[in-house]
Amino acid sequence: MTSFKTFLLAAPFAFVAFAPTISLAQDFPADLVEKGRYLATASDCVACHTAKGGKPMAGGLAIDSPVGTIMSTNITPSKETGIGNYTEAQFSDAVRKGVRADGANLYPAMPYTAYSFMSDADVHAMYAYFMKGVAPVEAKNAETSLPFPMNIRASMIGWNLLFRNNTPLSDDPKQSAEWNRGRYLAEGAAHCATCHTPRGAFMQEKASLNLSGAQVGPWYAPDITSDKVTGIGSWSQDELVTYLKTGRLAGKAQAAGSMGEAITHSFQHLTDADLKAIATYVESVPSAHPAAAATGATRFDQGKPVNELAALRGKGFDNGMKGAHSGAQIFSANCASCHGFNGQGTADGYYPSIFHNSATAGSNASNLIATILYGVERETESGHVFMPPFGDQPNALTQLDNVEVASLANYILKDYGNSKLTVTAHDVGVIREGGPKSDIVTLARIGMGAGALVVLALIAMAVILPRRGRAGADKANA
Amino acid sequence: MVTKTSADVIVVGTGVVGVVIAEQLIDAGHSVLMIEAGPRVTRAEVVENWRNAPLGVKGDTSVAYPPRPWAPHPTGADKPEDAYLQFTGPDPYDQTFIRYAGGSTWHWAGTSWRLTPEDMRLHSLYGVGRDWAFDYDTLEPYYVRTEHKLGISGPSDRALQWPQTGARSAPYLMPSFPFSPGEQKFTEVVKTLGYTNIPVAQARNSGMPYDGRPACCANNNCVPVCPVAAKYDAETSLGRLERKGVTLLVDSVVYKVETNAQNKIEAVHFYDQHKESHRITGKLFVLACNGLENPKLLLMSANDRNPNGVANSSDQVGRNMMDHPARTLTVTTKEPFWSGLGPVVNSGIMETSQGAFRSEHAGAYFRYNNFARNRFVTFAALKKGLVGKALDEEIRRMTACTADIVAAHEVLPDPNNRLTLSAKKDWLGLPKPSIHYDVGEYVRKSAETYSLPIGKQIAAAMGAIDVKITPKFSNSKHIMGGTIMGKDASNSVVDVDCRAHDHENLFIPGGGAMASTACGNSTITMTALAIKAADAIVAQMRGA
């Protein structure tokens, strides 16, 4: 989720057209500020606009995209370095139209396409919160320099004409108040579609495939439609609420990557009524695959407890790594100490089972590979969940190379997960580098004459497929 | 291949003492080069070495860490005449340590008892041993920094903290671990005798991640290796140190410390695994090999200016070798106790280490070992000729109904307990360490009149139907004393900052500097001394 929400409020090549309008010295009632805080939480602004270990909303998080590193910006009310001089109209345009105070266009990594559904009243509350509820931090925005032609922000004007929604969502009178509230939050502030909806040729969300699953950098945001096989149609409303509140559903799924951050910073803090409303709406979203209706195993009920220890014990580590059972030995060495020698997890589900787990039985292996390479982290009221990474981080429990991760992943897929999938070392390398890349930059440069659409697609791509983890991690560890 | 041959600071050894100092120095802007005798291995390999080992050899933790030929360390497999450590005294000095990158914290239990103020003033208060060159209050801030550096969990209840007589200036970072069923029962039993079994402060993540390491998930495998790095070990720092710019040479055995005309350290020399010699120069040198390898290296480095060995004008290098001599009571009870849930060492009675009796004999710390017992009792069950279900049931019964109570004693510094260079050579042709060791009357008297009587009393209160006491003192693998600290350069090796009295640019921090042992494990004090030394080094480098 976070990956999509990068918002470039400050451009490195600032063509400042006019001085920012000075905001009116305005006082807002405390309950309005509080309402704004809740909406900003639901919108998860903090996840992207806060550097690791940095001050809230002060920006500075490095976000690696396939075409360069983007730095998130300071959205505290600092008049010098933040958005303290924004009028409410300027704030509203930035949040809902993707246009910042100086008139420059934002890239849609900031999910203004979703926030565009938010009401005037809610944006008013958010403005009150950002002006009065956030502590101003003097922190200059770090330079973002994307390569040509990525730096042509004006191209977004055309994209917005084609794809931007310009009106807040109005209730559907045929649906319940709960459903309408749920749709308003899910499609607006919580911006589920930003990650979970596949994109078209110009990186616009494909409305017909709403929430049916999409790749987000190294992670795959799975199908969360009501499809009973490919989606979460087999979950009850209570189960989805539990997942959003705690980040896990024992024996089925757990949140990692950007979803782990969304649970940590956003969903767990929403009211039960709002979580129920979101669940009601999400579980009504129709399947994108009506033909595949309701047969076959879901990603939540595949695999079984099993091990290959008898085949490798006593032969020594080096031999174990050479043979056919290297995946089993890597599992024993690195995974079994928490997840159990049979992949069974713990009785309380704190350490999830490797079978009956959406991470190992998805429609592709991205989340399995990403979990191994990047680990899992989220914080909720019930504690700080942390699975260490096995990539090239300094705190990786063991730094597994691509061949080793592939062996491990194939061992897990065979018995515990989606046995139809196999993983190659190359697949692991792609996830290690932050997810599938596009050669669209090169194509765009060659085909500049071919028209603006390529540029347009390229710009959308760059911001819509940012890879957050690696740049952030490297920076934090530098 | 050696690509770098010089740095501001050269650190020999990559255990906890070496890495703590190296990190502080690189953070202060100095270039650091670390030299490790042994190999660098992955945690995965160590874990699988252990899991692949048959039960019969698991009494020897070194099976998870097979020594390289050029960097021998003690193993259980060697005959005494072939062993790396040679003994000449009445008692063995049978230590376990490993020469691997990351050092012996790979297989420590994580136990982190502080010294008490009294532990540091044995001579003033009880007329035995030595006083430390500074007091507890001087050491206390370094304990706090150690607790933060290593991630030490412990009780928040002041009444359950150790020491009771010395202040704590900061709380523990994480809560103490819950007691296993056996520990709970043991705690109740000893309470009836007037003793308080308190939670061990331990370098292990309790219920939360810390410093990029996960929470303990209770594998009960702390010794010989924490499979998930929830327990601090120095290996967990190595990747971070390298990212910060520390150069790490492994499989490189330092065998000589070279002095110059001003009798400062000029260089160290090491053999690589092909027996080729290399010379590494620097401005300042830190020997962080451990309390046994440090004195060996200093003695091996004897030259014309330092005929008794480097840093040895006092003739105290290699003397005062200390440990925590232990006696173990294996208790069989009628009712099940069940140890094994949680960390392998998780609680202890420390109050028995203190008292006016210390003018007469050693104090003792009683530890209910929380190792799962099945590993230890299986052979006894097999010897009974049982098979099938009967065998399973007997293993289960003995796992539940046996327990080890360990009485660990303090030992006094005695110059006759001495490490020298053996005539026997290792694979590289370097002399093996030879140790003359006698636990002494102070310890023997404690066992006879104090610790074993208390141990038997505890065993009886536990409802013991059988008690077996180890006939001899065993070693606790806590190497202390060989480069002892003191203010007087004529009878000590290092000063209050672990700087060699004889060489201003040589630091020898760690357990070797400890002037008393007390009864608790030594690592936290070694590390506190390392941080104190690092402060002094940073100040000294600034002035340089």
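The values are calculated or read from the model by the stated rules, or taken from the named source; none is laboratory data. Everything numeric in this text was worked out from a predicted model, so none of it was measured. Positions of Cβ are generated from backbone atoms using ideal geometry, with glycine treated the same way; all protein chains shown enter the neighbour counts.
A few points about this structure:
Residue-by-condition table, conditions (1) more than 18 Å from B:L241 (Cα to Cα); (2) in a loop (DSSP other than H, G, I, E, B):
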residue	(1), (2)
B:L33	no, no
B:G38	no, yes
B:V41	no, yes
B:A44	yes, no
B:E48	yes, no
B:R51	yes, no
B:G56	yes, no
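- A:Q399 falls short on exactly one of the conditions (1) more than 30 Å from A:A47 (Cα to Cα); (2) facing chain B (nearest Cβ under 9 Å), and that condition is (1).
- Among the residues examined, A:S358 does not qualify as surrounded by fewer than 17 Cβ atoms within 10 Å (Cβ to Cβ), touching a residue at least 60 places away in the same chain (Cβ under 8 Å) and not acidic (D, E).
- Here A:A450 does not fit the description of being over 18 Å from the mean Cα position of the chain (by Cα), crowded, with 20+ Cβ neighbours inside 10 Å, at pLDDT below 95 and within 30 Å of A:L161 (Cα to Cα).
- Taking every residue in the range A:122-136 that is within 16 Å of A:A30 (Cβ to Cβ) and pairing it with any residue that is polar (S, T, N, Q), at least 6 positions away or on another chain, the pairs with Cβ-Cβ distances below 6 Å are A:V134/A:T76.
- Of the helices (runs of 4 or more DSSP H) lying entirely inside the range B:343-447, the ones with 2 or more residues being crowded, with 22+ Cβ neighbours inside 10 Å are found at B:441-446.
- Condition broken by A:P352, with the remaining ones in (1) closer than 14 Å to A:I412 by Cβ; (2) at the interface with another protein chain (Cβ under 8 Å from one of its Cβ atoms); (3) not in a helix (DSSP H, G or I); (4) not aliphatic (A, V, I, L, M) satisfied: (2)
- Residue list for the range B:130-158, filter: of a type in the set (G, A, S) and either within 21 Å of the chain's Cα centre (by Cα) or part of a strand (DSSP E or B) (or both): B:G151, B:S153, B:G154
- Neighbours by Cβ (under 7 Å, 6+ apart or cross-chain): first from the range A:262-276, within 14 Å of A:Y38 (Cβ to Cβ) and part of a helix (DSSP H, G or I); second at pLDDT 95 or above and of a type in the set (D, E): A:H265/A:D44
- A:G340 more than 8 Å from chain B (Cβ to nearest Cβ) and either in contact with a Leu (Cβ under 6 Å, 6 or more places away or on another chain) or surrounded by 21 or more Cβ atoms within 10 Å (Cβ to Cβ) (or both): no
- Strands (runs of 3 or more DSSP E) (entirely within the range B:222-334) containing at least 1 residues that are more than 14 Å from every other protein chain (Cβ to nearest Cβ) and at pLDDT below 95: none
- Test set (1) surrounded by fewer than 21 Cβ atoms within 10 Å (Cβ to Cβ); (2) away from chain A (no Cβ under 13 Å); (3) farther than 23 Å from B:H324 by Cα; (4) touching a residue at least 12 places away in the same chain (Cβ under 8 Å) - B:K79 fails condition number: (4)
- Taking the criterion of being among the aliphatic types (A, V, I, L, M) and over 21 Å from B:A489 (Cβ atoms), the residues of the range B:103-121 that qualify are B:A109, B:L115.
- Screening the candidates A:S326, A:S358, A:S332 for the property of being under 30 Å from the mean Cα position of the chain (by Cα) and either under 17 Å from A:M387 (Cα atoms) or within 12 Å of chain B (Cβ to nearest Cβ) (or both) yields one hit, A:S358.
- Pairs, first in contact (Cβ under 8 Å) with a residue 24 or more places away in the chain in the range A:413-434, second surrounded by 16 or more Cβ atoms within 10 Å (Cβ to Cβ) and of a type in the set (K, R), C-beta under 7 Å, six or more apart: A:G434/A:R467; A:G434/A:R470
- Condition check for A:A40: within 23 Å of A:R199 (Cα to Cα), outside any loop (DSSP other than H, G, I, E, B) and touching a residue at least 24 places away in the same chain (Cβ under 8 Å): no
- Check on B:A53, among the hydrophobic types (A, V, I, L, M, F, W, C), over 16 Å from the mean Cα position of the chain (by Cα) and either under 21 Å from B:G151 (Cβ atoms) or at pLDDT 95 or above (or both): no
- Within the range A:78-135, the set of residues being assigned to a helix (DSSP H, G or I), surrounded by fewer than 21 Cβ atoms within 10 Å (Cβ to Cβ) and acidic (D, E) comprises A:E88, A:D93, A:D120.
- For the range A:296-323, the candidate set comprises residues that are under 13 Å from A:Y411 (Cβ atoms) and of a type in the set (G, A, S); within that set, the residue that is nearest to the other protein chains (Cβ to nearest Cβ) is A:G320.
- Any hit, the range B:123-145, residues being buried (at least 21 other Cβ atoms within 10 Å of the Cβ), in contact with a strand residue (DSSP E or B) (Cβ under 6 Å, 6 or more places away or on another chain) and of a type outside the set (F, W, Y): no
- A:A279 in a loop (DSSP other than H, G, I, E, B), crowded, with 18+ Cβ neighbours inside 10 Å and touching a helix residue (DSSP H, G or I) at 6+ places or on another chain (Cβ under 8 Å): no
- Here A:F386 meets the list (1) hydrophobic (A, V, I, L, M, F, W, C); (2) within 12 Å of another protein chain (Cβ to nearest Cβ); (3) crowded, with 23+ Cβ neighbours inside 10 Å; (4) not in a loop (DSSP other than H, G, I, E, B) almost entirely, failing just condition (3).
The rows are residues; the columns are (1) among the hydroxyl-bearing types (S, T, Y); (2) closer than 18 Å to B:Q540 by Cβ; (3) without any contact (Cβ under 8 Å) to a residue 24 or more places away in the chain.
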position	(1), (2), (3)
B:G239	no, no, yes
B:E242	no, no, yes
B:Q262	no, yes, yes
B:H269	no, no, yes
B:H278	no, no, no
B:A288	no, yes, no
B:L297	no, no, no
B:N308	no, no, yes
B:A311	no, yes, no
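- Just one residue in the set B:D8, B:D27 is modelled with pLDDT of 95 or more and within 14 Å of another protein chain (Cβ to nearest Cβ); that residue is B:D27.
- Single unsatisfied condition, A:D238 versus (1) in contact with a Leu (Cβ under 7 Å, 6 or more places away or on another chain); (2) free of Cβ contacts under 8 Å to residues at least 60 places away in the same chain: (1)
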